[in-house]
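Colleague: Attaching a single structure in structure tokens format; questions to follow.
Bear in mind these aren't lab numbers, they're just calculated from the coordinates by the rules spelled out. Since we're looking at a predicted model, the values are computed, not measured. Here Cβ is always computed from backbone atoms with ideal geometry, including for glycine, and neighbour counts include all displayed protein chains.
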Amino acid sequence: MPIRDHHIRRRKGGDQGFTLLEVMVAMAILAMSMTSLLASQTASIRATRYAQQVTAIAFLVEYQLIETEYVMRKEGGWILQDKIYEGNFALQGWPEIRHKCVVDFLEIPDYSKLRAAKDESDRSKQGESGLYYKDASDKAFGALAMVWPMVKQAIERSIRKVNCTVYWKDGSIPNEFTISTFWADPE
């Protein structure tokens, strides 16, 4: 008995192509995939460009720190006040990038201010009992009074805090990068 298959429709003439609906669904899936890939690639390109910029900026600010110290020493050395150096990197091929380096004169407090701060701290440690015991650190702190003027002067004359900030724009977005360091004058 032959099996008859009335329920299965076959395409005539050996047509094995795709229907319009199948093609449209495939195109929609492809379009969504390509959009996702394009967004991913765009973000990757932006991140790479930003990383290249920050790397170049880091090298420029390091260069400027060295240049600032050289110029400061050439101008007469370490002065007892703050000094500001500003400019751009046009000579290095980056005219749109600006810098501002501040060389801070560190002002150390007088011994009387240190003593007042220590006394205030001691009073807060007394608590409710009102008792306070002097120990060896109190005697050492008292002895510091004799040498503090020399120590203060040596620190103020030999150490500077330097903040160097670089400013640039990424399109219309302003950016800045700061490096802080301390310089010591061995003389």
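Colleague: Report the label-to-label distance for Leu30 and Glu107 in nanometres (one decimal), using points 7 Å from each Cα along the Cα→Cβ vector.
Modeller: Here the answer is 7.3 nm between the modelled labels.
Colleague: Here's something else I'd like to know. How large is the dipole of the chain about the Cα centre if only Lys and Arg carry +1 and Asp and Glu carry -1, each at its Cβ, rounded to the nearest 20 debye? Intermediate results must be reported in sequence, preceding the final value.
Modeller: Values: 24 positive and 24 negative charges, 219 e Å.
It comes to approximately 1060 debye.
Colleague: With the crude spin-label approximation of a point 7 Å out along Cα→Cβ, what separation in nm comes out for Leu80 versus Arg46?
Modeller: Distance between label points: 5.3 nm.
Colleague: Given 25 °C and 0.890 mPa s, how large is the Stokes-Einstein diffusion coefficient of the chain in µm²/s, with Rh as the Kirkwood radius over Cα pairs?
Modeller: 101 µm²/s
Colleague: Also: So which lysines pass the test for Lys161, namely a Cα distance under 16 Å, with those fewer than 8 places away in the same chain ruled out?
Modeller: Within the straight-line limit of under 16 Å, Lys161 reaches these lysines: Lys83, Lys100, Lys152.
Colleague: Among Val147, Gln92, Ile45, whose Cα sits farthest toward the positive end of the charge dipole of the chain (+1 at Cβ of Lys/Arg, -1 at Cβ of Asp/Glu, about the Cα centre)?
Modeller: Toward the positive end, the furthest listed residue is Ile45.
Colleague: Please give the length that would be gained between Phe182 and Met146 if that part of the chain were fully extended, namely 0.36 nm times their separation in residues minus their C-alpha to C-alpha distance (nm, one decimal).
Modeller: Contour length minus the Cα-Cα distance gives 10.2 nm.
Colleague: Below 8 Å, C-alpha to C-alpha, sequence gap of six or more: please give me the relative contact order for the stretch 66-186 in percent.
Modeller: 27 percent
Colleague: Another question, if that's okay. List the aspartates and glutamates whose Cα lies under 16 Å from the Cα of Lys125, skipping any in the same chain that are fewer than 8 positions away.
Modeller: Filter leaves Asp135, Asp138.
Colleague: What does the C-alpha gyration tensor say about the overall shape of the stretch 27-125? Classify as rounded when a/c is under 1.5, otherwise prolate if a/b is larger than b/c, or oblate.
Modeller: oblate
Colleague: A follow-up question, please. Would you mind counting up the charge near Ala184? Only other residues with Cβ under 14 Å from its Cβ, with Lys and Arg at +1 and Asp and Glu at -1.
Modeller: So the surrounding residues net to -1.
Colleague: Counting pairs of alpha carbon atoms under 8 Å apart in space and at least six apart in sequence, what relative contact order in percent does the stretch 64-128 give?
Modeller: 24 percent
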